[in-house]
Amino acid sequence: MKVNGKTVRDPEHWVDLDRDQVVLDGRPLQAEKKIHILLYKPKGHLTTFKDPDGRATVYDLMQRLDQWVFPVGRLDQDTSGLLIMTNDTDFAEHVTNPEHHVPKTYLVKCSTLLTDEQLERLRNGVELRDGPTRPAQVKRVRDSSNKTFFEITITEGRNRQVRRMVEALESKVLKLVRVAIGPIRINSLNIGHWRVLTGEEVRLLRKCGGRRGAGMLRPA
Ligand code: URA
C-alpha cells in the first residue's frame, strides 16, 4: 500500500481517507460517502445488528439501503421514535457524547397523574442510582382522568434514563416516543420508515449542543 506516495508495510498504520492519498494494488482507495439516516423506530424493534433470539431489529427496516450504517445511540426495545443511523463516526460521537449536551426530546405517557411539583422535580433533576440528572425542560401536554402526558428534553442519554426519572416520582412510563433529536423533529415521518437527513439538518446537528447546553430546544 502507498500512503501519500510512500510505501507502507505496517498493517496497523492509520490512514485518514479524507486527507491521505491511499493506493492499494495500484488503485486509489476512496472514503465511503457519508450518509445520515433518520429512522422512526417502532416499539418492539431492537437497536442492534442481530438478535440471537431472532427478534426484529432496526436493520430489518432498512433493507432498501445498500450502505453499512450503525445506530447513533440507542432506544430501548419498548421505546419508539427517532433514531439516526450513519457511517459517520465523528458525527455519531458529537450527537451521543453527553459532554456535548445535544438535546433529545421524548413524549411520555405515564401511569399516574403528575402534579406540578412532580414535573418541577424532573426539571430540577432527580436522584438516580448513577447520580442526579441534569436540569431538563418539561412541558405538560395533557392529562386524561388518571394519566399525564408530558414532553421532556434531556441532554445526557443514560441507560433507560427517562423511565428511571419517572420511576423516581413513584410513577411508571406506559409509552415513550423520542420526538426530536436537537432541532430535528419527527414531523411527517411515518412509523417504521426512514429518510436521508439533508445537508442542512446534518449541519444543524453538528452545531447543536455545546458544554453549557447551548442549542437546547425550548418546547413550543
Ligand atoms: N430513556 C429511556 O428510558 N429509554 C429510551 O429508550 C430512551 C430514553
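Numbers at a glance
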| item | result |
| --- | --- |
| The chain, dipole about Cα centre (Lys/Arg Cβ +1, Asp/Glu Cβ -1), debye to the nearest 20 | 600 |
| Relative contact order (%) - criterion: Cα under 8 Å, at least six apart; region: the range 76-220 | 35 |
| Residue-averaged 222 nm ellipticity for the chain, from DSSP H runs of 4+ at -39500 (n - 2.57), nearest 500 | -4000 deg cm²/dmol |
| 11 Å beta-carbon shell around ALA180, net charge (K/R +1, D/E -1) | +2 |
| Spacing of the two label points (7 Å from each Cα toward its C-beta) at LYS50 and GLU127, in nm | 4.5 |
| At 1.567 mPa s and 4 °C, Stokes diffusion of the range 101-181 via Kirkwood alpha-carbon radius, µm² per second | 105 |
| Length gained when the stretch GLN21-SER145 is fully extended (0.36 nm per residue, less Cα-Cα span) | 38.2 nm |
| From the C-alpha gyration tensor of the range 138-218, square roots of 5λ in Å | 26, 17, 12 |
| Packing-based order for 96-109, 163-176, 131-144, using average beta carbon neighbours within 10 Å, highest first | 96-109, 163-176, 131-144 |
| In range of the label at TRP14: residues from the range 70-92 whose backbone nitrogen is under 18 Å from the point 7 Å along Cα→Cβ | 88-92 |
| Distance between the range 1-79 and the range 84-123 - C-alpha centres, whole angstrom | 25 |
| Across LYS41/LYS139; LYS50/LYS104; LYS34/LYS104; LYS41/LYS207; LYS34/LYS207, pairs whose alpha-carbon gap is larger than 21 Å | LYS41/LYS139; LYS50/LYS104; LYS34/LYS104; LYS41/LYS207 |
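Computed from the coordinates by the stated procedures, all read-outs in this text should not be read as laboratory data. Remember, predicted model here, so these are calculated numbers, not experimental data. Every residue, glycine as well, gets a Cβ built from its backbone with ideal geometry; the counts of neighbours run over all protein chains shown.
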